[in-house]
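Below is one structure; the comments refer to it alone.
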Amino acid sequence: MAWYDVFIGKTKTRANWFQPAGTAHGIFNGTNTGRLMNDFVAYSKSADSEIKGNIRLLRDRARDLAKNNAYARRYIKAYTDNVIGPNGVQLQARSKDPNGAIDTFANNVIENAFKMWGAECSADGKLTWVDAQRLFAETYARDGEVLIRVIPNFNNQYKFAIEFIEADFLDEELNRPARNGENEIRMGIEIDKFGKPLVYHLLKSHPYDNDFVNASYTREYNSVPANEIIHFYHQERPHQKRGVPPLSSAMRDLKMLDGYMEAELVAARVSASKMGFFKSGDGQGYLGDDTIDTNNVVMNAQPGTFEQLPTGVSFEAFDPQHPTTAFRDFSKGVLRAVASSLSLSYNTLANDLEGVNYSSLRQGALEERDHYKCEQSRIIKGFHDKVYKEWLKMNLLTDNLQNLPASKFNKFAIVQWRPRGWQWVDPKKEIDALKIGVENGFLSMQDVQASYGRDVEDVFQQIQVEKELAQEYGIQTQFQPFGAKDKIPLGTGTEEEE
């Protein structure tokens with residue numbers, strides 16, 4: 001054995017001295033099984049097995065938090081407002097002729113008809129298209145999955161409607177082989193050997209709607225083809241068939257913080273209500289000014305006065321100091337963890353802008369908006385596109401689109417969805433940056449308008465309308481967009497006098 005073999009052997013032996021006790025493999029610290037990791041218990045389960053036993057309780061707790069916890073409610077509102085916005089994600093038809101020219105006539109017909117349908121798009125007649133989008137986002141943020149049925153040949157002008165269905169109708173306890181023996185029903189969804197949904201078996205009545213005369217829950221199902229169901233959820237693992245609420249990983253922290261804040265609030269109220277106690281050897285001697293219905297002695301306290309106590313009676317102050325000085329920092333630490341779980345900044349979740357500067361606020365806003373843009377993209381693909389294509393198919397077949405040919409479905413199916421944009425913390429700085437980008441060719445005017453949730457063609461049209469309106473009333477404007485600013489001609493009395 002060479003001298004270096006001995007040295008290497010000793011080195012390997014010495015390395016083992018520093019191996020933590022209880023290490024399973026000595027390669028990944030995450031596999032340690034020592035006393036510090038005894039409470040790190042994990043189980044091997046498929047995605048569906050994990051979800052099946054927990055989905056109902058998670059959904060119920062998420063709904064409770066949405067009703068009763070201020071921060072959970074703040075998250076759902078922030079998600080809906082930022083992903084959908086006040087005007088919703090707007091449709092812009094982009095069909096073109098074979099020569100590449102934009103088919104303006106067809107696009108206008110489609111956009112106008114879709115807007116008219118959107119005035120009353122739900123089967124119950126209660127929801128507009130914007131309402132439906134906001135309900136979609138709120139339902140996902142709370143329940144973790146959204147079910148919508150598309151209804152062709154519906155009894156309205158456009159022969160099409162949508163129906164929202166609560167996830168409770170999709171019975172997670174329905175698990176068995178399908179009747180044909182080849183497919184499988186898993187948590188209410190019939191799938192083929194590749195996991196592709198074929199049929200949704202929906203309960204005929206809501207399983208918890210038992211407070212009304214006509215409500216009679218029976219475990220009977222309506223079988224709906226999968227092409228009539230939009231089932232939206234965030235798939236985090238392969239083969240996952242159902243969704244879980246986004247609040248799942250933050251539930252414990254939110255509930256514990258809620259209890260802590262309640263305890264501090266009660267303690268602070270007690271602290272503010274009771275100033276101290278009178279003590280005597282035999283518990284007697286102080287008569288006070290009056291008694292209350294429980295025969296407890298009370299004293300009237302007035303500013304700047306002193307009272308002599310009977311012999312043997314002393315005063316002991318009661319000052320529990322609540323809320324404690326750690327309350328603020330502790331609450332902030334918990335909320336930061338919750339905000340991280342929900343992909344929000346702490347400032348947004350806690351509605352706390354104290355001590356925030358422009359740079360940190362902008363950085364937090366940019367990260368949030370990147371998350372919201374991802375969510376917008378997912379929802380557009382999983383909801384907007386599917387609804388539009390089913391609507392278009394039905395309306396082309398029923399000649400509701402001024403005789404646009406149904407054979408050109410693929411042409412008319414090309415659309416662009418314009419989600420909401422955002423205003424910036426310092427608009428002047430952002431506008432200057434966009435201007436430089438356009439002047440140097442890094443950005444197009446469409447890029448600029450898209451950042452505000454608008455379309456450049458709409459902006460041009462609006463500017464042209466305003467120009468014509470100003471000319472009609474003989475008004476000369478001080479500026480001219482897109483290039484050098486024109487001065488008002490001499491003699492008008494507003495710029496320069498002759």
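The values are calculated or read from the model by the stated rules, or taken from the named source; none is laboratory data. The structure presented is a predicted model; accordingly, all values stated were derived computationally and were not measured. Neighbour counts run over all protein chains shown; Cβ positions are idealised from the backbone, glycine included. The protein model used for the area step is the full one, side chains on, heavy atoms only, and it has no ligands, DNA or RNA in it. Shrake-Rupley method; radii C 1.70, N 1.55, O 1.52, S 1.80 Å.
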Extension gain, ARG336 back to ILE431 (0.36 nm per residue minus Cα-Cα distance, nm): 31.1 nm
Between the range 122-138 and the range 350-364, the Cα center-to-center distance that results, in Å: 33
Tail beyond 15 Å, pair distance distribution of the range 391-437 (Cα, percent): 62
Label-point separation, ALA365 to MET445 (7 Å along Cα→Cβ), nm: 2.6
The range 39-144, accessible area per residue, ligands and nucleic acids excluded (1.4 Å, Å²): 52
Whole-Å semi-axes of the ellipsoid equivalent to the range 134-179 (Cα gyration tensor, √5λ, descending): 25, 19, 6
Protein accessible area in the range 44-117, 1.4 Å probe - carbon and sulfur %: 49
Segment LYS373-ARG179, extension gain: residue separation times 0.36 nm, minus the distance between their alpha carbons: 65.6 nm
Carbon/sulfur fraction of accessible area - the range 149-193, other protein chains in place, 1.4 Å, %: 41
Length gained when the stretch GLU236-LYS196 is fully extended (0.36 nm per residue, less Cα-Cα span): 12.8 nm
Qualifying trypsin sites (Lys or Arg not before Pro) for the range 165-236 [loop in DSSP, other Cβ within 10 Å: at most 14]: ARG179, LYS193, LYS204, ARG219
Heavy-atom accessible surface of the range 397-455: percent carbon and sulfur, 1.4 Å: 55
Prolate/oblate/rounded label for the range 49-200 (Cα gyration tensor, a/c 1.5): oblate
Overall form of the range 39-129 per C-alpha gyration tensor (a/c, 1.5; a/b vs b/c): prolate
Solvent-accessible area per residue, Å², over the range 364-435 with all protein chains present [probe radius 1.4 Å]: 53
Cα gyration tensor of the range 320-364 - equivalent ellipsoid semi-axes, whole Å, descending: 23, 14, 7
Overall form of the range 58-111 per C-alpha gyration tensor (a/c, 1.5; a/b vs b/c): prolate
Cα pair count fraction exceeding 15 Å, expressed as % - the range 403-465: 65
Pairs beyond 23 Å (Cα-Cα), from LYS373/LYS408; LYS126/LYS373; LYS45/LYS67; LYS115/LYS381: LYS373/LYS408; LYS126/LYS373; LYS45/LYS67
Partner aspartates and glutamates for LYS159 [C-alpha distance under 13 Å; skip if fewer than 8 residues away on the same chain]: GLU120, GLU390, ASP399
